[in-house]
Amino acid sequence: NIQLKPDNIAIGAGVGSLLHHLFFILARKGDVVLIPAPYYAGFEYDAMAVAGCVPWPVEMEDPTRGPSVGDLETAVELVEKEGKHAKILLL
């Protein structure tokens, strides 16, 4: 059982507005948002233009199953090689 409390619930006018809020709350300008590829291109706009985050595609060995631990570890290693900080994983 999961207990939901009013303080832990967010309501928005669509996923775009919720993503904007989450990016501002969880990240700083320049932080990386990991996004399993392929993905909806609008997520890049939401991350970059609104919050100043850097969208980073996570290439997956098997996109039908979603990102594996290995896929995510590889993405984080690549981010860190670029001197950036992965802050959010968008699923």
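Every number in this text was worked out from the coordinates using simple rules, so none of it is lab data. Computed from a prediction, not measured in an experiment: that's the story for all the values here. All Cβ positions, even for glycine, are placed from backbone atoms using ideal geometry, and neighbour counts span all protein chains on display.
Structural remarks
- Cleavage-rule hits, trypsin sites (Lys or Arg not before Pro), the chain, DSSP coil, Cβ neighbours within 10 Å at most 12: Arg28, Lys29, Arg65
- Positive-end extreme of charge dipole, the chain - chosen from Leu26, Ile11, Met48 (charges on Cβ): Ile11
- Charge tally in the Cβ shell below 14 Å around Arg28, where Lys, Arg are +1 and Asp, Glu are -1, Arg28 excluded: +2
- Per-residue HN-Hα couplings for the range 44-49 [Karplus 6.51, -1.76, 1.60; θ = phi - 60°; Hz; x = Gly/Pro]: 4, 4, 4, 6, 7, 5
- Helix 69-81 vs. the chain, principal-axis angle (Cα, 0 to 90°, nearest 10): 80
- Tilt relative to the chain, helix 15-26 - C-alpha long axis, 0 to 90 degrees, to 10: 80
- The chymotrypsin sites (Phe, Trp or Tyr not before Pro) of the chain that DSSP puts in a loop, and whose beta carbon has at most 16 other beta carbons within 10 Å, are Tyr39, Tyr40.
- Between amide H atoms placed 1.01 Å from N, distances below 5 Å from Val54 occur with Gly30, Asp31, Val32, Val33, all of them 5 or more places distant or on a separate chain.
- Of all beta bridges that DSSP places with both ends in the chain, some 0 percent have antiparallel geometry.
- Loop-resident GluC sites (Glu not before Pro) (DSSP state other than H, G, I, E or B) in the range 9-91 with no more than 14 further Cβ atoms inside 10 Å of their Cβ: Glu59, Glu61, Glu82.
- Per-residue [θ]222 nm for the chain (sum of -39500 (n - 2.57) over DSSP H runs n ≥ 4, rounded to 500): -9000 deg cm²/dmol
- For the chain, relative contact order (Cα pairs under 8 Å, six or more residues apart, normalised by length) works out to 31 percent.
- The range 27-78: C-alpha pair distances exceeding 16 Å, %: 41
- Sorted largest first, the spans of the alpha carbon positions of the chain along the three principal axes are 38, 33, 21 Å.
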